[in-house]
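Below you'll find the structure, written out as structure tokens, and then a few comments.
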Amino acid sequence: RPRHNPLYRAQLNLLGGLVALAFLLLLGRLFWVQVIRGRYFESQAISNKQQTIILPADRGEVYVNGGERRIVRNAQSFSIYVVPHNFPKGGPERARLIEQCAAHFGIDTNELLNALRSGRWNPYRSRIVAQDVPIKSILRLAEHLDEFPGLGFQHTPKRVYEDGDVFSHITGYIRLITPKELDDRQQQGYHRNALVGAKGIESQYDLDLRGQDGYKIQVVDARNRVKSETRPEEGEPVPGNDLVLTIDDRIQRIVYDMMQGYPGGCLVP
């Protein structure tokens with residue numbers, strides 16, 4: 001019989017020994033990871049935090065003269081955001097950091113506190129707390145990110161109105177969405193960082209101009225350094241649509257010059 005064959009028994013013993021050795025190695029590895037290095041890996045897991053950063057879309061630009069002249073365009077600027085989950089939760093450290101944010105970057109204290117309070121519903125999502133920040137402040141933040149947990153910066157499209165005095169009553173302007181507007185428009189894809197049109201063309205055609213904001217996912221360590229970054233395909237921002245007005249630039253300027261110092265309006269047949 002095979003079991004009485006010495007070679008067969010040796011092969012079985014060898015196989016059993018290899019299986020036992022594999023289990024011993026696996027148990028040893030588990031013991032090393034969970035017991036010997038358990039505290040280290042636990043601290044690493046806790047210190048690495050995931051956050052979602054909103055990527056604002058380029059807003060559509062506005063043209064007159066049948067598309068020949070642009071009167072509203074986009075320019076690049078910087079904004080500072082906070083991720084509430086990564087910001088100190090309380091005590092002297094939180095108070096000190098809020099004070100330093102105001103002193104070094106001009107962040108409004110009430111704006112920062114409101115952003116932190118609103119983060120209770122989604123603490124991992126970024127919220128803008130300062131817009132059009134000077135490059136000097138951005139460089140300081142970039143060099144000292146580990147001193148400002150929860151804070152970060154990003155490029156943000158800035159609205160530029162050419163000949164603003166001539167066209168301001170037509171174009172309107174944009175601003176950060178209000179809590180009431182957010183309640184009314186959340187189903188249309190608006191969020192707490194959204195910029196919305198206020199008055200004029202910016203307001204009337206806001207849905208067409210605004211595009212679709214994107215997002216990216218970052219993992220940062222305890223010193224606020226980005227360890228990894230993911231940009232899902234569905235998270236890419238989609239630019240808004242350009243708008244061409246039937247306004248004649250030449251006539252608009254003539255009327256503007258004529259109306260200087262006089263209240264009212266003008267009709268041109």
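Of the residues making up segment 166-204, those that are farther than 18 Å from Gly60 by Cα and either in contact (Cβ under 8 Å) with a residue 12 or more places away in the chain or of a type in the set (A, V, I, L, M) (or both) are Val166, His169, Glu181, Leu182, His191, Arg192. Considering Gly211, Gly200, the condition of being modelled with pLDDT of 90 or more and in contact with a Pro (Cβ under 6 Å, 6 or more places away or on another chain) is satisfied by Gly211 alone.
Would you be able to say whether some residue in segment 231-252 is under 19 Å from the mean Cα position of the chain (by Cα) and of a type in the set (Lys, Arg)?
Residues of segment 231-252 that are under 19 Å from the mean Cα position of the chain (by Cα), as a first pass: 231-240.
When the remaining residues are screened for being of a type in the set (Lys, Arg), the result is 231.
Yes, that holds for at least one residue.
May I ask you to list the residues in segment 114-131 that are exposed (fewer than 12 other Cβ atoms within 10 Å of the Cβ) and in a helix (DSSP H, G or I)?
Narrowing segment 114-131 to residues exposed (fewer than 12 other Cβ atoms within 10 Å of the Cβ): 117, 120-121.
Arg117, the sole residue that qualifies.
Which residue is farthest from Val226 (Cα to Cα), if the candidates are limited to segment 24-37 and must be at pLDDT 75 or above and loosely packed, with under 12 Cβ neighbours inside 10 Å?
Checking each candidate, the answer is Leu24.
In segment 221-240, what residues are of a type in the set (S, T, N, Q) and surrounded by fewer than 15 Cβ atoms within 10 Å (Cβ to Cβ)?
Going through segment 221-240, the residues of a type in the set (S, T, N, Q) turn out to be 224, 228, 230.
Across segment 221-240, the qualifying residues are Ser228, Thr230.
Here Phe153 meets each of (1) at pLDDT below 90; (2) open to solvent by less than 80 Å² (accessible area, probe 1.4 Å); (3) aromatic (Phe, Trp, Tyr) with one exception, condition (1). Out of (1) under 30 Å from Asp242 (Cα atoms); (2) at pLDDT below 95, what's the single condition that is false for Tyr40? Among (1) under 30 Å from Asp242 (Cα atoms); (2) at pLDDT below 95, the lone unmet condition for Tyr40 is (1). For segment 205-217, what are the residues that are touching a residue at least 24 places away in the same chain (Cβ under 8 Å), under 19 Å from Ile71 (Cα atoms) and either part of a helix (DSSP H, G or I) or not hydroxyl-bearing (Ser, Thr, Tyr) (or both)? Matches in segment 205-217: Asp208, Leu209, Arg210, Gly211. Any residue in segment 188-208 that is aliphatic (A, V, I, L, M) and open to solvent by 50 Å² or more (accessible area, probe 1.4 Å)? Yes, because at least one residue in segment 188-208 is aliphatic (A, V, I, L, M) and open to solvent by 50 Å² or more (accessible area, probe 1.4 Å). Within segment 188-211, the residues that satisfy the criterion of being among the polar types (S, T, N, Q) and more than 19 Å from the chain's Cα centre (by Cα) are Ser203, Gln204.
Within segment 165-187, restricting attention to residues that are outside any helix (DSSP H, G or I) and among the hydroxyl-bearing types (Ser, Thr, Tyr), the residue that is most open to solvent (accessible area, probe 1.4 Å) is Tyr173. For segment 70-113, which residues satisfy the criterion of being open to solvent by 50 Å² or more (accessible area, probe 1.4 Å) and within 12 Å of Gln131 (Cα to Cα)? Answer for segment 70-113, where residues must be open to solvent by 50 Å² or more (accessible area, probe 1.4 Å) and within 12 Å of Gln131 (Cα to Cα): Gln76, Gly106, Asp108, Glu111.
The values are calculated or read from the model by the stated rules, or taken from the named source; none is laboratory data. Keep in mind that what you see is a predicted model, and the values were worked out from it rather than measured. Here the Cβ is made from the backbone with ideal geometry for all residues, glycine too, and neighbour counts use every protein chain on show. The protein model used for the area step is the full one, side chains on, heavy atoms only, and it has no ligands, DNA or RNA in it. Shrake-Rupley method; radii C 1.70, N 1.55, O 1.52, S 1.80 Å.
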